[in-house]
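Shown next, in structure tokens, is the structure this report addresses.
The values are calculated or read from the model by the stated rules, or taken from the named source; none is laboratory data. The structure displayed is predicted, hence computed values, not measured ones. Every residue, glycine among them, receives a Cβ derived from its backbone with ideal geometry; neighbour counts consider all protein chains shown. Each accessible area value is taken on the protein alone, full model and side chains, heavy atoms only, with ligands, DNA and RNA left out. Shrake-Rupley method; radii C 1.70, N 1.55, O 1.52, S 1.80 Å.
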Amino acid sequence: MASRFSMTKGAGERGAARRWLRALLFEDWTLKLLAMLITLGLWYAVTTQRAPAQMRLRGVQLDLVLPEGVEIGNDPVDEVDITLEGSQGKLAELNARNLVARADATDLRSGDRVLRLTGGNVTMDLPEGVRIVGITPRSLTLHLEPVIERDVAVEARFEGAPAEGFARGAVQVSPPSVRVRGPASHVAAVERAFTETISLADQRETLVLPQVAVDIPDHKAVPLEASVAVRVEIGEEQAERRFTNVPVRAASGAGVSPQAAALTLRGPRTVVEALRPEDVRLVVELAEDGRPAPRLALPQSAQGRVALVNTAPAEFTLDR
């Protein structure tokens, strides 16, 4: 009886084991398969992210660290292609637009030099574990020059014309010169600096501009003063007009010779053209040196606006 019970118990246990194994393998097999696929996917993703890879960044900005008192006289490339090595996860986070490569050129001196670009002298702000393994181009040809400074005159530039009947007069730039800094050959070649273009289109009044940008066509010659003040006189066009047989009298009431003269006047066109012959007189008085000097007598509206250019005759005599 005991032996039969033992055999029955053993068979029952083996049956239970088979049922458990069958349940493990075949019951809810879709869920088990899905879980296995997810596990494999996670494992693959983690493994791939950590696997070493390379990435080529094109058009990375290149800054050169130069010795003190030295600047570049030529125009080497300012962008390079860089090959990086690191995990795929960290490489995927990088963007060439946000990166700057800095090349150390502090051991170079003035003259024509070749700078090798390697992972040893080019640095970037990279994530841990990412390193530079290649740079294109591999070298740069540099013309290094000492930095100098000198003063150059500033010339105002204009476009457009004042309103009809008006003209540009005197131009005042303050300060009249600016200090320019840059590579020696470039600074020496600068004859003058210019202001940004000032528009005079349809102007009728004097322009006073407190801040006008200074511009030098050579970008390597840099003005140390970024702007200047500019004053541009805008006034009516000037005209000359000749009057003949103008009466001449002495300021003291004494006799004067001759008693008539020809005059040339200059002033704003509208004012000069509005003068009538009877509006114009010439008064002769003694100057500080004792010699007779002519003075123009005009209506009040023209006083201070019209100037005497010349007289014929040029000299007058006062009776004693």
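For the stretch 300-320, what are the residues that are open to solvent by 30 Å² or more (accessible area, probe 1.4 Å) and either under 15 Å from ARG242 (Cβ atoms) or modelled with pLDDT of 95 or more (or both)?
Residues satisfying the conditions are ALA307, LEU308, VAL309, ASN310, ALA312, PRO313, ALA314.
Please name all residue pairs, on different chains or six or more residues apart, with Cβ atoms under 9 Å, provided the first residue is in the stretch 91-107 and is within 21 Å of GLN54 (Cβ to Cβ) and the second residue is at pLDDT below 90 and small (Gly, Ala, Ser).
Filtered contacts from the stretch 91-107: LEU91/ALA53.
Out of SER185, SER227, SER252, which single residue is in contact (Cβ under 8 Å) with a residue 12 or more places away in the chain and either hydrophobic (A, V, I, L, M, F, W, C) or in contact with a Ser or Thr (Cβ under 9 Å, 6 or more places away or on another chain) (or both)?
Being in contact (Cβ under 8 Å) with a residue 12 or more places away in the chain and either hydrophobic (A, V, I, L, M, F, W, C) or in contact with a Ser or Thr (Cβ under 9 Å, 6 or more places away or on another chain) (or both) holds for just one of SER185, SER227, SER252, which is SER227.
Checking the condition buried (at least 16 other Cβ atoms within 10 Å of the Cβ) and closer than 30 Å to SER185 by Cβ, which residue from VAL214, VAL232, VAL284 passes?
Step by step, each of VAL214, VAL232, VAL284 is checked, and only VAL214 is buried (at least 16 other Cβ atoms within 10 Å of the Cβ) and closer than 30 Å to SER185 by Cβ.
Report, ordered by the first and then the second residue, all pairs with beta carbons closer than 8 Å, sequence separation of six or more or different chains, a first member in the stretch 196-220 that is on the phi > 0 side of the Ramachandran plot, and a second member that is open to solvent by less than 100 Å² (accessible area, probe 1.4 Å).
Within 8 Å, the pairs are ASP202/GLY160; ASP202/PRO162; ASP202/ALA163.
If you check ALA254 against the conditions, is it modelled with pLDDT under 95 and assigned to a loop (DSSP other than H, G, I, E, B)?
In short, yes.
Confirm whether GLY182 is closer than 28 Å to ARG113 by Cα and open to solvent by less than 60 Å² (accessible area, probe 1.4 Å).
Answer is yes for this residue.
Residue under question is VAL246, and the condition is that it be under 48 Å from the mean Cα position of the chain (by Cα) and over 30 Å from PRO76 (Cβ atoms); does it hold?
It is false that VAL246 is under 48 Å from the mean Cα position of the chain (by Cα) and over 30 Å from PRO76 (Cβ atoms).
Filter the stretch 134-162 down to the residues that are among the polar types (S, T, N, Q) and open to solvent by 60 Å² or more (accessible area, probe 1.4 Å), then identify the one that is farthest from LEU115 (Cα to Cα).
So, considering only residues that are among the polar types (S, T, N, Q) and open to solvent by 60 Å² or more (accessible area, probe 1.4 Å), the one farthest from LEU115 (Cα to Cα) is THR136.
I need the strands (runs of 3 or more DSSP E) fully contained in the stretch 70-112, keeping only those with at least 2 residues that are of a type in the set (Asp, Glu) and surrounded by 14 or more Cβ atoms within 10 Å (Cβ to Cβ).
79-87
Tell me, yes or no, whether the stretch 163-170 has at least one residue that is open to solvent by 60 Å² or more (accessible area, probe 1.4 Å), in contact (Cβ under 8 Å) with a residue 40 or more places away in the chain and acidic (Asp, Glu). Spell out the reasoning first.
The first filter runs over the stretch 163-170 and keeps only residues open to solvent by 60 Å² or more (accessible area, probe 1.4 Å), leaving 164, 168, 170.
If we keep only those that are in contact (Cβ under 8 Å) with a residue 40 or more places away in the chain as well, we get 168, 170.
From the residues that got through so far, the ones that are acidic (Asp, Glu) too are none.
No, the stretch 163-170 contains no residue that is open to solvent by 60 Å² or more (accessible area, probe 1.4 Å), in contact (Cβ under 8 Å) with a residue 40 or more places away in the chain and acidic (Asp, Glu).
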